[in-house]
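The values are calculated or read from the model by the stated rules, or taken from the named source; none is laboratory data. Note that this is a predicted model, so its numbers are computed, not measured. Note: ideal-geometry Cβ built from the backbone for every residue, glycine included; neighbour counts use all protein chains shown. All accessible areas refer to the heavy atoms of the entire protein, side chains included, with ligands and DNA or RNA removed. Shrake-Rupley method; radii C 1.70, N 1.55, O 1.52, S 1.80 Å.
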Amino acid sequence: MRVMERTFRGQLFLLVLCLSVLKGNSRYIELKRETPEELIYRRPLRCLDMIAVEGQFTFTTANPQLSCAAFFMAEPSEVISVDLDNVDIDCSGGDFITVFDGWVVKGEKFPSSHDHPLPVNERYVNYCDTGAPRRSVPSSQNVAMVFFRIHNAGSSFTLTVKKHINPFPCNAISQSPEGSYTMVIPQQHRNCSFSIIYPVEIDISEFSLGHSNHNNNDDNFPKRSLPGCTETEDFVQLLGGRGLDTSKLLTITDFCTSFTGATHMKVGCDNTVVRIVSSGRFVSRVTFNYRLLDSQELQTIKLNNVEDFCFNN
């Protein structure tokens, strides 16, 4: 696909632009969740597509389409299920439809292998694999995608996309360049990331560690180490950089001691990430607000060489 030849920054902004165009229909679609079958939103699926609404999307090829991808996105507090219906492809001839639990852009994955509960190989579900094909594939976060390759004219399939409330949201990509969010890990040994694919000012107003599973005194709580929190098991990171994979981003700052107050930072990166690393001994919680930086603020950041920090490392 020609879009894959663009820079990573261009690809991220293309995804965001598609979402901003489509998001206007999202409230309308939300009203139809429990409506009769004939009222379900339907449209053709494109070879390169971005979908932020529920509905049915049918792909029918007139010519061979050998490198296609559809990106799906929900609200941060939701997960997605992708159902395959009316599949008419030639698996033995090299066709495939693969659902991925997350996003892949130019080889980089969100969530990263460090933050996702499943091994990478289990995040791919190929319709053409031997055995009974899985009709419905759930996501673990608010984004998912489908890769597909179709050789023969007239071949087709239908995707039914549904959104479901996630009672304990962990990893998420923001649909909007501004907003507020609280991320909570309820005594689970896992890492959670909130990704904002815009240059933003971010205000982390609270980070707290609750009570552990055992009777601990204050000396058992992790203390801040200098210059970072590498000696602790529970901490919050603010990351920045170009790609989606949080393991490849640079650490702007980190916190490993509970606090309330205001921590303001302007990050002129394509991707700004708030990430919690949790041992499972505590209830970890972080609250933050974010807004898009204007052009004057971005110019000031560039003059201060923050652009080099984001993109040249």
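Observations, loosely collected:
- Taken over segment 290-307, the residue count meeting the criterion of being open to solvent by 90 Å² or more (accessible area, probe 1.4 Å), at pLDDT 85 or above and among the hydrophobic types (A, V, I, L, M, F, W, C) is 0.
- Close pairs from segment 169-187: first more than 16 Å from Ser279 (Cβ to Cβ), partner surrounded by fewer than 17 Cβ atoms within 10 Å (Cβ to Cβ) and among the polar types (S, T, N, Q), Cβ under 6 Å, at least 6 apart: Pro169/Ser77; Ser180/Asn289
- Lone qualifier among Phe255, Phe311 - being open to solvent by 10 Å² or more (accessible area, probe 1.4 Å), modelled with pLDDT under 90 and out of contact with any helix residue (DSSP H, G or I) (no Cβ under 9 Å at 6 or more places or on another chain): Phe255
- Some residue of segment 200-209 being more than 20 Å from Leu244 (Cα to Cα), crowded, with 16+ Cβ neighbours inside 10 Å, within 21 Å of the chain's Cα centre (by Cα) and modelled with pLDDT of 95 or more: no
- Note on segment 138-155: residues that are hydrophobic (A, V, I, L, M, F, W, C), open to solvent by 10 Å² or more (accessible area, probe 1.4 Å) and in a strand (DSSP E or B) amount to 1.
- Residue list for segment 178-199, restricted to those being open to solvent by less than 30 Å² (accessible area, probe 1.4 Å) and not in a strand (DSSP E or B): Ile197, Tyr198, Pro199
- Among the residues of segment 79-128, the one identified as free of Cβ contacts under 8 Å to residues at least 60 places away in the same chain, acidic (Asp, Glu) and open to solvent by 30 Å² or more (accessible area, probe 1.4 Å) is Glu122.
- A count restricted to segment 233-250 and to residues that are over 18 Å from the mean Cα position of the chain (by Cα) and not in a strand (DSSP E or B) stands at 2.
- Once segment 156-177 is narrowed to residues that are hydroxyl-bearing (Ser, Thr, Tyr) and either in a strand (DSSP E or B) or buried (at least 19 other Cβ atoms within 10 Å of the Cβ) (or both), the residue that is farthest from the chain's Cα centre (by Cα) is Ser156.
- Selection within segment 44-77: residues that are open to solvent by 10 Å² or more (accessible area, probe 1.4 Å) and among the acidic types (Asp, Glu). The member of this set that is farthest from the chain's Cα centre (by Cα) is Glu54.
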